[in-house]
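Okay, so here's the structure we're looking at.
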Amino acid sequence: MKMSENEVKDPRIDGIKTKIRVVPDFPKKGIMFQDITTLLLDPKAFKDTIDLFVEKYRDMNISVVAGIEARGFIFGSPIALAIGAKFVPLRKPKKLPGQIIFEEYELEYGSDRLEMHVEAVDSGDRALVVDDLIATGGTLCAAMDLLKRVGAEVVECACVIELPELKGRERLEGKPLYVLVEYR
């Protein structure tokens, strides 16, 4: 979310930001981990987070919310319910039964793979991709690639947190990204 000079910042965002704990050197030295578990402990801040996303997406004809394991499930599921969309989990390897497709990608501290049930998303579905954080953008790009491969239109990506110095937004090939909190 990049606000223009004419837009007023929603006061709920400061409350959300104060509930996110930064853990240095996790999962390895040099990483400043943005921990949303402390946000989840505060019912008001958690509700405000979901409400901000729902207010943005409720009238955008989103038919599927794709949540990235695992923290994308936490935010994506209630958003999907509130806007009347189906929820599709994008999982780590070997956690989905049945026919899957997958996409491998690089992280700032290693590599990983996302899997999705083939029949979960229909050609022509309008998709919102949800995760807790965008860093280098690799995970969101993998998610978008999975959805595009089955014929979905990725409308936008949404994250609670962005680490702009890692330039993940630039990797999204112009796809809109809505973010509540930036950490510099």
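The values are calculated or read from the model by the stated rules, or taken from the named source; none is laboratory data. Predicted model only: the values in this text are computed from it and were never measured. These area figures cover heavy atoms from the full protein model, side chains too; ligands, DNA and RNA do not enter into them. Shrake-Rupley method; radii C 1.70, N 1.55, O 1.52, S 1.80 Å.
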Self-check item: Sequence of 49, 38 when ordered by accessible area, the most exposed leading, probe 1.4 angstrom
Solution: 38, 49
Exercise. Round to a whole angstrom and tell me the spacing of the C-alpha centers of segment 11-67 and segment 73-145.
Key: 17
Quiz prompt | the chain: relative contact order in percent, alpha carbon pairs under 8 Å with at least 6 residues between | solution = 17
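Return the Rg/Rh value of segment 44-123, two decimal places, where both radii are evaluated on C-alpha atoms and Rh is the Kirkwood radius. Before the final figure, lay out the partial values.
Working: Rg = 14.0 Å, Rh = 13.7 Å.
On the Cα set of segment 44-123, Rg over Rh gives 1.02.
State the percentage of accessible surface on segment 107-153 attributable to carbon and sulfur atoms; use a 1.4 Å probe and exclude ligands, DNA and RNA. Before the final figure, lay out the partial values.
Working: 660 of 1590 Å².
That fraction is 42 percent.
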Quiz item: When only the heavy atoms of the protein chains count and the probe is 1.4 Å, how do 17, 175 rank by accessible area, highest first?
Solution: 17, 175
Quiz item: Which shape class, rounded, prolate or oblate, goes with segment 92-139 when its Cα gyration tensor gives a ≥ b ≥ c as root eigenvalues, a/c under 1.5 marks rounded, and past that a/b bigger than b/c marks prolate?
Solution: oblate
Practice problem: Let me have the relative contact order for segment 6-54, percent, based on Cα pairs under 8 Å that are six or more residues apart. | Solution: 34
Exercise. Report which label in (i) 1.27; (ii) 1.17; (iii) 0.95 holds the value of Rg/Rh (Cα atoms, Kirkwood Rh) derived from the coordinates of this structure.
Key: (iii)
Self-check item: Lysine pairs in segment 27-184 with Cα atoms under 26 Å, if 8 or more residues apart or on separate chains
Solution: 26
Quiz item: Counting only heavy atoms of protein chains, what accessible area per residue, in Å², does the chain have with a probe of 1.4 Å?
Solution: 50
Self-check item: For residue 181, distant residues with modelled amide H under 5 Å away
Solution: 161, 162
Quiz prompt | Solvent-accessible surface (1.4 angstrom probe) belonging to residue 32, in square angstrom, nearest 10 | solution = 100
Practice problem: Give the ranking of 26, 33, 87 by solvent-accessible surface, highest area first, calculated with a 1.4 Å probe. | Solution: 26, 87, 33
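Counting residues in segment 1-99 as N, plug N into 2.2 N^0.38 Å and put the Cα Rg over that result. List each step's numbers first, then the result.
Values: Rg = 15.8 Å, N = 99, 2.2 N^0.38 = 12.6 Å.
Dividing the Cα Rg of segment 1-99 by 2.2 N^0.38 Å gives 1.25.
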Self-check item: Residue-level accessible surface for residue 77, protein heavy atoms, 1.4 Å, Å²
Solution: 40
